[in-house]
Amino acid sequence: MTEILDQNKVAQMGADAGEDMLPMLLQIFVEELEASHAELTGCEHTELAGVAHKVKGSAATFGALALQHVSMQLEYAAKGIEPADTEQLKQQCLETMTQTLSVYRTEFAL
């Protein structure tokens, strides 16, 4: 299984943006992820690819490796690039979002 959090990616973000900015950036990520979770929950099939693409990008930026992976699978399935059960992937993505939120809140005291 892919790890939830890439500490090296977050450390690099802190080095690039400044350690004093990192808590604020991580808080924004968590808030956006909460909003995306709600959006994905009520999402129609025609909207899946767009929501998954947005989540994939945010996850990649903030080192959320497992979420990046599953949201990429969902995006590709929703676009018809790779055959897969989009409803199952949607549920997997929602579960991974919940796990990711828990890890980031705990790890960074958010």
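Bear in mind these aren't lab numbers, they're just calculated from the coordinates by the rules spelled out. Please read these numbers as outputs of a predicted model, since none were measured by experiment. As a convention, Cβ positions derive from the backbone with ideal geometry for all residues, glycine included, and neighbour counts pool all protein chains shown.
The figures follow:
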{"item": "In region 1-99, the GluC sites (Glu not before Pro) that fall in loop regions by DSSP, at most 12 other Cβ within 10 Å", "result": "Glu3, Glu19, Glu44"}
{"item": "GNM result for the chain, Cα springs below 10 Å: residue of Met21, Met72, Met97 fluctuating most strongly", "result": "Met21"}
{"item": "Within the chain: Cβ-based charge dipole about Cα centre, in debye rounded to nearest 20 (Lys, Arg +1; Asp, Glu -1)", "result": "120 debye"}
{"item": "Percent of alpha-carbon pairs separated by more than 25 Å within the chain", "result": "20 percent"}
{"item": "Residue-averaged [θ]222 nm for the chain, counting only DSSP H segments that reach four residues, each worth -39500 (n - 2.57)", "result": "-24500 deg cm²/dmol"}
{"item": "J(HN,Hα) series, region 78-91, from Karplus relation 6.51 cos²θ - 1.76 cosθ + 1.60, nearest Hz, glycine and proline x", "result": "5, 7, x, 6, 10, x, 6, 7, 5, 5, 5, 5, 4, 5"}
{"item": "Mean Cα-pair separation over length for region 7-110, i.e. relative contact order, pairs under 8 Å, 6 or more apart, %", "result": "28 percent"}
